[in-house]
Amino acid sequence: MPVNTESDTPELPGSFSLRVSDPRTGHDYELPVEHGTVRATALGQVRAGEDDPGLATYDPAFKNTANCISRITYIDGDRGILEYRGYPIEELAGTTSYLDTAWLILNGELPTPDESRVWAAEIAARAGVPDPLPRMLEGFRADGHPMAIFIALLAGLGAMHPESKAVADPAVRAEHVRRLIAAAPTLAAMAYRHGRGLSVVPPREDLSLPANFLNMVFGGEGSGYKPDPVLERAMDVLFVLHADHEQNCSTSAMRGVGSSHADPYSSAAAAAAALYGPLHGGANEAVLRMLDEIGSIEGIPAFMDSVRRGERRLMGFGHRVYKSYDPRARIIKRTAYEVFEVTGKNPKIDIALELERIALGEEYFVKRRLYPNVDFYSGIIYEALGFPVGLFPVLFAVPRMSGWLAQWDEMLGDREQKIARPKQIYLGPAKRPVPA
Ligand code: CMC
């Protein structure tokens, strides 16, 4: 199936070769270096003899392996830089709406005013979900975790769009990218309402995406709910900050599952499942539970002792890529105070600030280069906005949908990509007979 049609590996200036000597054979090899990487397959030529499969690389958890060429998101973890398509996150958040940011991530450029209007209308028109989905919701217990429900609804929505399996067709891909971006807030709101025993609130086309989301969560007929513009804007900023983050665990899941040419709903459900974990998007929930457990400023020393002893992690701290301040955390911290102007202060911010102050001055954290990440302050805002803790990872997944889909689309257009299939080092028993 000719899915991959767009990009070739670009030539970069500064390419050079490594010379590698194999002491077993005395042979020298030239290993080309491009973009600061050696192709792992180039090592395959380093063989001791005819039967030798050749050298491979071993990199558990992909700590030093690039899995793709991407043109979407750039991170400089040492300098705390995050850019979507070259635009700094600090400039996008607050000036560009989430929907325009999603367009940027997907298409490479910000939309013109006309494109923006059409795009917003296209998304709004697709925000409703087909009838069987609310009935599917009824099958879940009210205390089921909202993220588990969200993942199931996503996969369930795929069952209603079998035509989305035609992933080789760019027009089909484009249609279901729209449908998924539009459906994500609706499914998230459904997961929330189910947990509260409330009926589903249908989407409204006359509201912005964040206002519509707030209305589907907290509004409904006779509620008199009207999204506050400050909170609508804060929601939009949070969505922009979470839209993409290059090759993290959930995006790798999206690319990995999508590489088998699964439909985008199944791939997105897999990505959401990866996001659920407390080391990834579930950290925002874990932070709030941690702050609850600490309880007050007085509870901090005992908690920090347990972190120093290696018994606990300070959730919302540390990152595989950021080895200085996560730029998203800085913006979120600022946004929290804008939200508090409307909602009143969430007292947990004081515990979080004190934890940050202590951690940034402590050898344990300094030595390991652990700083607050995106999840450290986001939960405090979500709680102030009235969302229950279990919904926090879902709130992360809603905007990340745009990043997952952009990365998925890029992967399917990349001629170099094939089904993801890592190697292993087999150290189990050698062949032996089954005991009689
Ligand atoms: N609290 C205490 N110690 C930590 C923490 C933490 N939050 N994070 C890392 N460490 C220590 C870890 O114990 C290890 O110490 P040692 O070298 O003595 O064994 C060292 O720092 C390196 O940690 P690692 O687990 O090898 O680092 P990693 O790159 O594999 O993990 C991480 C990155 C984000 C999973 C990790 O920092 C962590 O678990 N943080 C808490 C969970 C969290 O906030 N996750 C959200 C990440 S940002 C949102 C997103 O994923 O998109």
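Values in this text are rule-based calculations from the coordinates and carry no lab data. This one's a predicted model, so the numbers in the text were calculated from it and none came from an experiment. All Cβ positions, glycine included, derive from the backbone under ideal geometry; neighbour counts span all protein chains shown.
Structure data summary
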quantity: Residue 226-residue 340 pseudo-label distance in nm [points 7 Å out on the Cα-to-Cβ vector]; calculated: 2.7
quantity: Bins of 5 Å, starting at 0 and running to the largest distance - Cα pair percent for the stretch 242-352; calculated: 2, 10, 15, 18, 18, 15, 11, 6, 4, 1, 0
quantity: Links that overshoot a 24 Å alpha carbon limit, given the list 323/418; 63/367; 63/333; 63/431; 323/345; calculated: 323/418; 63/333; 63/431; 323/345
quantity: Protection-proxy order for peptides 301-312, 211-222, each taking the mean of Cβ atoms within 10 Å per residue, highest first; calculated: 211-222, 301-312
quantity: For the stretch 309-422, alpha-carbon Rg and Dmax in angstrom; calculated: 17.5, 52
quantity: The chain: relative contact order in percent, alpha carbon pairs under 8 Å with at least 6 residues between; calculated: 22
quantity: Debye intensity ratio in log₁₀ form over the Cα atoms of the stretch 169-253, taken at each q of 0.13 Å⁻¹; calculated: -0.52
quantity: Residue 18/residue 430 FRET efficiency (R0 35 Å; Cβ-Cβ; nearest 0.05); calculated: 0.55
quantity: Cα coordinate range in the stretch 111-161, projected on the principal axes (Å, largest first); calculated: 44, 20, 14
quantity: Per-pair calculated FRET efficiency, R0 = 30 Å: residue 289 and residue 200 via Cβ, rounded to 0.05; calculated: 0.60
quantity: The stretch 81-141 - Debye-derived log10 I(q)/I(0), Cα point model, q = 0.13, 0.17, 0.21 Å⁻¹; calculated: -0.51, -0.67, -0.80
quantity: Calculated FRET efficiency for the pair residue 163/residue 41, C-beta based, R₀ 35 Å, to 0.05; calculated: 0.45
quantity: Rg/Rh for the stretch 142-200, where both radii come from Cα atoms and Rh is the Kirkwood radius; calculated: 1.07
quantity: Spatial separation of Cα centroids for the stretch 325-360 and the stretch 239-299, in angstrom; calculated: 21
quantity: Order of 176, 161, 319 under a 10 Å beta carbon neighbour criterion, fewest first; calculated: 161, 319, 176
quantity: Karplus-derived 3J(HN,Hα), 6.51/-1.76/1.60, for each residue of the stretch 417-432, Hz, glycine and proline x; calculated: 7, 9, 4, 5, 7, x, 7, 9, 9, 8, 10, x, x, 6, 3, 8
quantity: Solution diffusion estimate, µm²/s, Stokes-Einstein, the chain, Kirkwood Rh from C-alpha pairs, 37 °C, viscosity 0.692 mPa s; calculated: 139
quantity: Residues whose placed amide H lies under 5 Å from that of residue 317, excluding near-sequence neighbours; calculated: 373
quantity: Rg over Rh [alpha-carbon atoms, Kirkwood Rh] for the stretch 21-149; calculated: 1.19
quantity: Percent antiparallel among DSSP beta bridges (both partners in the chain, rounded to 5); calculated: 90
quantity: Hull shadow area, averaged, the stretch 87-182 [alpha-carbon convex hull, nm²]; calculated: 8.1
quantity: Percent of alpha-carbon pairs separated by more than 29 Å within the stretch 126-282; calculated: 17
quantity: Hydrodynamic radius (Kirkwood) for the stretch 209-305, which is based on Cα pairs only, to one decimal in Å; calculated: 16.5
quantity: Residue order, fewest to most surrounding Cβ atoms within 10 angstrom, among 251, 65; calculated: 65, 251
